[in-house]
1. Please verify whether region B:266-274 includes one or more residues that are modelled with pLDDT under 85 and part of a helix (DSSP H, G or I).
2. Before we move on, is residue A:57 within 15 Å of the chain's Cα centre (by Cα) and at the interface with chain B (Cβ under 10 Å from one of its Cβ atoms)?
3. Based on this model, can you work out whether residue A:218 counts as at pLDDT below 85 and within 15 Å of residue A:63 (Cα to Cα)?
4. Find all pairs meeting these conditions: Cβ atoms under 8 angstrom apart; at least six residues apart or on different chains; first residue within region B:323-334 and under 20 Å from residue B:411 (Cα atoms) and in contact (Cβ under 8 Å) with a residue 24 or more places away in the chain; second residue β-branched (Val, Ile, Thr) and assigned to a helix (DSSP H, G or I).
5. Which pairs have Cβ atoms under 7 Å, sit 6 or more apart or on different chains, and link a residue in region B:149-177 that is crowded, with 19+ Cβ neighbours inside 10 Å to one that is outside any helix (DSSP H, G or I)?
6. Among the numbered conditions (1) within 23 Å of the chain's Cα centre (by Cα); (2) at pLDDT 85 or above, tell me where residue B:400 comes up short.
7. For residue A:66, which of the numbered conditions (1) crowded, with 17+ Cβ neighbours inside 10 Å; (2) more than 7 Å from every other protein chain (Cβ to nearest Cβ); (3) part of a loop (DSSP other than H, G, I, E, B) fails to hold?
8. Being buried (at least 21 other Cβ atoms within 10 Å of the Cβ) and more than 9 Å from chain A (Cβ to nearest Cβ) is the filter here; which residues of region B:389-418 pass it?
Amino acid sequence: MCVCAGMEVTRKVQGTSDSSITPLIEASGLAKGFAQVQALKDIDLRIMPGEVYGLLGPNGAGKTTTIKIIAGLMEPTAGWVKVVGFNPVEDPIEVKSRIGYIAESPILYESLSPRDFFEFVASVRRIDQKAVNQIVTRLADAFDMAQYFDSPIATLSMGMKQKVAVIACFFHQPPILLLDEPFNGLDAKSTRIVKDLVSLHTQQGGAVLFSTHIMEVAEHICTRIGIIHEGSIIAEGTLDQLKSKSGGRTESLETVFLKLTNEETEIADTAKRLQEAFLKN
Amino acid sequence: MKLSEAWRLSSVPYKESVYQSLAEERGRMWWGAFGKSHIEKDTRNDLELTQRALRIARFDKMVVAVFNVIACSIPFFSLSLGSSIFGLTSAISLSLVVTFGFTVLYSVQTLSSFVGAKSSALMATLPLAKDDFSLIMLCSFVRSVDFMVVGSILSQVLLVAFLTMSPLAILSMLAMATMNAVFAVAVALWFSRLFYKNLLRGGRSKFNTVLRLFFILMWGTLLMGIGFLFSVPWYIVPHLEIMLLGLNTISSFFLGILYPFSAAIVVSNFVYQSVAFSTVMIASLAIVAYLVLAGLAGRWTLQAVKRTSEGTGINVSRSTAKDFSIKTRNPMSGYVIKDLKIASRNPATAFFFALPVLETVTVSLLITNMQMLRTSMILVATATGGVLALFMPLALLSAEGTGLEYTKTLPVNARRIIVSKTLITTATYAPVPLTLLGLALMKQLTSPLGLLIPCAITLSIASASVLEIKLFLNSAADGRIGALVQDIQKLVVAVAIVLIPEVAYGATYLASLNHLLAVMTMSLAAIAELALAVHLIRKF
């Protein structure tokens, strides 16, 4: 399967942020404020071809907001974003043609069957029937979708809905994948397939920005990680760089994450309080 | 568990089932990414959607109950509405039919999510005895139809009491109205189970398509019923009454067997002994059979509710796809097909596809009694059909539901959304010109040029639809009343657009008494509107 059709990537680089290469995603001074909350503060991002950039952060840190702004689903209150050279605010259609997006929770057309849904998405994206049929057939088969392919999406489990979203995200072979918690509800086999697809995508020169809570996944597939906390990226780099920032070279990403977000002490205190409460009862 | 406690607790699964049927389908959502930019409202989507769905649930239930009471009372007022004949038998029959139809069609919408048993999923995890749980779910089921059923039974009984003052007639009316409600609820539950079963099974069977068409036709029949209801005092009551009073005729014999006429004959016989004895006997025997049937239907309903609460209600095996091939189309066709599929599969919006039926009925009813097809009547008929077609864009936009969140991630602009929905709306209007053409073949025309009127109005429908959708995309209402007011505003603007060419026709004809000139002016006005609409679309 050829990933990233139509993408103009000059060089395949993995795990670097070389300034001579045009980044596929670039953001500067990105901020987003809601009524009383400042969700994002001065975010800078550069994601290069071949990179898997993991956005890690606690709930409400601003991961989804960042991804939505890049996908052109939300406007920033300050700063700018460029996706393959296009600004999502000014050229949303150009940006949406070049991204594959999986939302945090798969919101699809519930009354359509996966077949109907794929037909709709493929038609809107103007994908060649032969090409899309090849991809859909392989992925649907890999995801064991035969029993669900003609059932309304409303009747599918969360994992199965996520598989539908994954297939629809890949079949136009976009240069950029924006994956917001893509492994939600997926079983082990499907998680592995998605990881392989991500890997294949970057080997072909594509870029991936994804958010996750699963540290193990981030540890294994990310070439670079950004730790986002209260709307700001507080640390960024490869796993080794982050480990040295947190002061220990043998620590797991989870420990590094908790140290950098100052949640380690808080967790210990909470555990102590819970233990006391349960022991009293 | 006490019944009062079960009733109180049942509000939780009831709200959940109503919410499920509304939130996905009818909750008015914020269209942000396609419409005007309102950054501060980006995060309000979910909260707003939930609150609106719950508000709509309360509002809908009340409005539908009131409407049902009014509709089932209309046949009783045939004298004061202009009929030369008052017929208690026909009034009761029609009232029972109307109540049955509305109860079934409204209940199907809420019960579809009830039979899915998702609403009871959370409660099922609580340490409740099996019987208590079943009782709670039964109460939750009753809540879905309580206002409608109680309202219609009370109004029918009170109206019979007011008109007859006969205790026997009142008591028998109470029995018949209750039996009618039992039948309606059982049929609604059966339909809901059928739809849900079909939904679970999936597949690409022809049966699914036929069932969907059947459902749409059912809605059409109901809408046609509303159309007929307007004619109750003038046409139906006198005809029906004459048939029912016919001595030993074949028609009165069959009507005596047929529900609800048998019920009406039995009730009215306690007051007026005007129906033939043989017909009354046949009707009485039929009613005994219907009462037994109602008892069985009631028992089946209780068992079905119990099975649903136990999670053993519906067992189906999904159909397995034989291949994974998909068919791609051009983007516009893809969007139109998607719109048609989601709107026709949703019980809440499917009935809008029955609008052509209503349009045709409206046009036919307006014209059939005339000797000649006058141009003025064509103008009125086309405008009426046009107004009904203008509900379609709102229905199509509502049907998008939360799935729109996905479309926002696709390279789709507002232009495509507007054009797709405009094409469907315009196609919905097509039966009107066709009906007029058919009528023109049977009747004389004051001017053959009159047949061009619906063609010009078709252009206006397209223009009005564009503006209606554009206004929708640019608005975000706070609250149900706000949304309702905004919907009315959009409709008023759209109706005005449809009426402009008609006014142009009228004014030109009055000034010149020339049909050709009037039609030309009308067509020019319609073309100008369409040009403006195209300009608006291009600006998106």
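The values are calculated or read from the model by the stated rules, or taken from the named source; none is laboratory data. All values derive from a computational prediction rather than experimental measurement. When we count neighbours, we look across all protein chains shown, and the Cβ atoms used for this are built from the backbone with ideal geometry, even at glycine.
1. Checking region B:266-274: at least one residue is modelled with pLDDT under 85 and part of a helix (DSSP H, G or I).
2. In short, no.
3. When the stated conditions are applied, residue A:218 passes them.
4. Matching pairs, first to second residue: B:331/A:124; B:332/B:419.
5. Cβ pairs passing all conditions: B:169/B:270; B:169/B:271; B:172/B:270.
6. In the conditions (1) within 23 Å of the chain's Cα centre (by Cα); (2) at pLDDT 85 or above, residue B:400 misses (2) alone.
7. (3)
8. Answer for region B:389-418, where residues must be buried (at least 21 other Cβ atoms within 10 Å of the Cβ) and more than 9 Å from chain A (Cβ to nearest Cβ): B:389, B:390, B:392, B:393, B:394, B:395, B:396, B:397, B:417, B:418.
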